[in-house]
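Undergrad: I'd like to ask some things about the structure below.
The values are calculated or read from the model by the stated rules, or taken from the named source; none is laboratory data. Predicted, not measured: the structure shown is a model, and the values here were computed from it. Don't worry about glycine lacking a Cβ; one is built from the backbone with ideal geometry, like all the others, and counts go over all protein chains shown. Side chains included, ligands, DNA and RNA excluded: accessible areas come from the protein's heavy atoms. Shrake-Rupley method; radii C 1.70, N 1.55, O 1.52, S 1.80 Å.
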Amino acid sequence: MPNKENIEDQGQVLAQIGSLLRETREAKGLTLEAAQEETKIRRHYLRALEQGQKEILPGEVYLKGFLKNYACFLGLPGEALVNRYSQSRKPQDDSAPGPKPRSSWIPPTRPTFRRRTLLVMALLLLLVVASIALTKGLIPPGPQPKEPPGVENQVPLAPPPENFRDQPDPEVARVDVETVHDTEGEIIYRVTESPQIELFVTSDRCWIAIRTDNSAEIAETLTDGTRRTISATDTIWLRAGNPSVLDLTVNGLHVGKAGKPGQPRNITVKRQL
């Protein structure tokens, strides 16, 4: 242990160490930015170490850690420099008055604080009493909301039928569709406007072949849930391989299934000229 008389001034020691750090860095041709990148110590802290500005550093523990890391990065004995700095600290003067111990005396409670405490306790007690009264039904409940007049006499609307979408509106249904030929293998409709057929496959699948006016025949297989709309100027010819699963609507008039199970059928819609 060095004698108190031989302990160097802390500020002077830190300044000497800082000069050594700066001279070593400059001799190696390094910038503070490069040192910051390698040591991960902020540049202004490195500059504070080199200039011996202890007040800029965040604290004694950080100062020693920065000093050791920076010195080791520059190739200097970091641990020895930290020890030299630590031994330079001035010893405390025993004659100097130390910090006064905290007094165990507690100031008496002020009247205003006591009154506030009593008021809070009284409010809490009142809330507890009110809660108990509500629970036991001592406080009558408030008025119940009245139902609007005439509610008890209202009759609920009947739900629409399941096939509501398939039923045409009697006021809107077209009356220009006429059946002129109807057999198990063929049905012919006559209309007064350009023909249109709406197809809907209700289940399974159905093979169809289609010709409109003078166009070439087109064949395809429609699966369950498929919808098709076929339009023409004068004539639509349709052959259904499984007509029992094919639902038809001709020029807005729902005519139902296209035929019987297992019996292919031709459907023709002609415009009356």
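Undergrad: When E152 is evaluated against the numbered criteria (1) of a type in the set (D, E); (2) open to solvent by less than 100 Å² (accessible area, probe 1.4 Å); (3) modelled with pLDDT under 55, which criterion, by number, is the only one it fails?
TA: (2)
Undergrad: Residue by residue through the stretch 53-88, note down the ones that are assigned to a loop (DSSP other than H, G, I, E, B) and open to solvent by less than 20 Å² (accessible area, probe 1.4 Å).
TA: Applying the first criterion (assigned to a loop (DSSP other than H, G, I, E, B)) to the stretch 53-88 yields 53, 57-59, 74-77, 88.
Of everything in the stretch 53-88, those that are assigned to a loop (DSSP other than H, G, I, E, B) and open to solvent by less than 20 Å² (accessible area, probe 1.4 Å) turn out to be L57, L74, S88.
Undergrad: Taking strands (runs of 3 or more DSSP E) that fall entirely within the stretch 184-273, which contain at least 2 residues that are of a type in the set (V, I, T)?
TA: Values: elements: 186-191, 196-201, 205-212, 218-223, 227-231, 235-240, 246-250, 253-257, 265-271.
Hits in the stretch 184-273: 186-191, 196-201, 205-212, 218-223, 227-231, 235-240, 246-250, 265-271.
Undergrad: In addition: For residues in the stretch 23-35 being surrounded by fewer than 17 Cβ atoms within 10 Å (Cβ to Cβ) and of a type outside the set (A, V, I, L, M, F, W, C), which is farthest from the chain's Cα centre (by Cα)?
TA: In this case the residue turns out to be E23.
Let's see how each residue does on (1) at pLDDT 90 or above; (2) among the polar types (S, T, N, Q); (3) closer than 23 Å to Q272 by Cα:
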{"site": "V180", "(1), (2), (3)": "yes, no, yes"}
{"site": "I188", "(1), (2), (3)": "yes, no, yes"}
{"site": "F200", "(1), (2), (3)": "yes, no, no"}
{"site": "A219", "(1), (2), (3)": "yes, no, no"}
{"site": "G225", "(1), (2), (3)": "yes, no, no"}
{"site": "T229", "(1), (2), (3)": "yes, yes, yes"}
{"site": "T235", "(1), (2), (3)": "yes, yes, yes"}
{"site": "L238", "(1), (2), (3)": "no, no, yes"}
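Undergrad: Let me ask you something else. Take R205 and tell me if it is in contact with a helix residue (DSSP H, G or I) (Cβ under 8 Å, 6 or more places away or on another chain), open to solvent by 70 Å² or more (accessible area, probe 1.4 Å) and free of Cβ contacts under 8 Å to residues at least 60 places away in the same chain.
TA: Working: in contact with a helix residue (DSSP H, G or I) (Cβ under 8 Å, 6 or more places away or on another chain): yes; open to solvent by 70 Å² or more (accessible area, probe 1.4 Å): yes; free of Cβ contacts under 8 Å to residues at least 60 places away in the same chain: yes.
Against the criterion (in contact with a helix residue (DSSP H, G or I) (Cβ under 8 Å, 6 or more places away or on another chain), open to solvent by 70 Å² or more (accessible area, probe 1.4 Å) and free of Cβ contacts under 8 Å to residues at least 60 places away in the same chain), R205 qualifies.
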